[in-house]
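The values are calculated or read from the model by the stated rules, or taken from the named source; none is laboratory data. It should be emphasised that the depicted structure is a prediction, and the values quoted were computed from it without experimental measurement. No Cβ is skipped: glycine too gets one built from the backbone with ideal geometry, and neighbour counts run over all protein chains shown.
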Amino acid sequence: MEVKIDTKEKFHVITLPQTSLSATMTEELSNRLLSYLGCDIKNVVLNLKRLQSLDNISAETLVKIQQKFYESNASFVICELQSKVEQFLDNHHLLEMMNITPTESEAGDIVQMEEIERDLLDGEQFEV
């Protein structure tokens, strides 16, 4: 699966060129995204601006990927969803479980804020 990768200071932006996402494609995407958890820059923004459709397994996998990122103290934000995809996620009660922003810029802001929160929480643990 080809993706566009743009590395920023605190996160990677992964943009999918595909217009649909199937379960088989999602497994490859999952492996690629989860590999970032082993990098110095762990945070990922997934830009889905071209995505027009996905299946239920793919949607549930994206939720699981996000959970793994947060369990590893890393951010995972999805941005620029098309209205059809957003409606699909909402109809399957998955939208409220996902960290989604309208724009890539806002996704970057979320990552920055979560980084600050993690830094503050780490600092509090040492001030006992």
Report summary line: For MET97, the lone unmet condition from (1) under 15 Å from the mean Cα position of the chain (by Cα); (2) among the aliphatic types (A, V, I, L, M); (3) closer than 23 Å to MET1 by Cα is (3)
Query raised in the report: For the range 30-38, does any single residue satisfy the condition of being surrounded by fewer than 16 Cβ atoms within 10 Å (Cβ to Cβ), modelled with pLDDT of 95 or more and in contact with a strand residue (DSSP E or B) (Cβ under 6 Å, 6 or more places away or on another chain)?
Result: no
Report task. Note down all Cβ pairs under 9 Å where the first residue falls in the range 94-111 and is within 18 Å of LYS84 (Cβ to Cβ), the second is of a type in the set (S, T, N, Q) and surrounded by 19 or more Cβ atoms within 10 Å (Cβ to Cβ), and they're at least six residues apart or on different chains. Result -> MET98/GLN66
Query raised in the report: Would it be correct to say that ILE41 is surrounded by fewer than 18 Cβ atoms within 10 Å (Cβ to Cβ), farther than 24 Å from GLU106 by Cβ and either touching a residue at least 60 places away in the same chain (Cβ under 8 Å) or of a type in the set (A, V, I, L, M, F, W, C) (or both)?
Result: no
Query raised in the report: Is it fair to say GLU106 is at pLDDT below 95, charged (D, E, K, R) and either within 25 Å of GLU117 (Cα to Cα) or loosely packed, with under 12 Cβ neighbours inside 10 Å (or both)?
Result: no
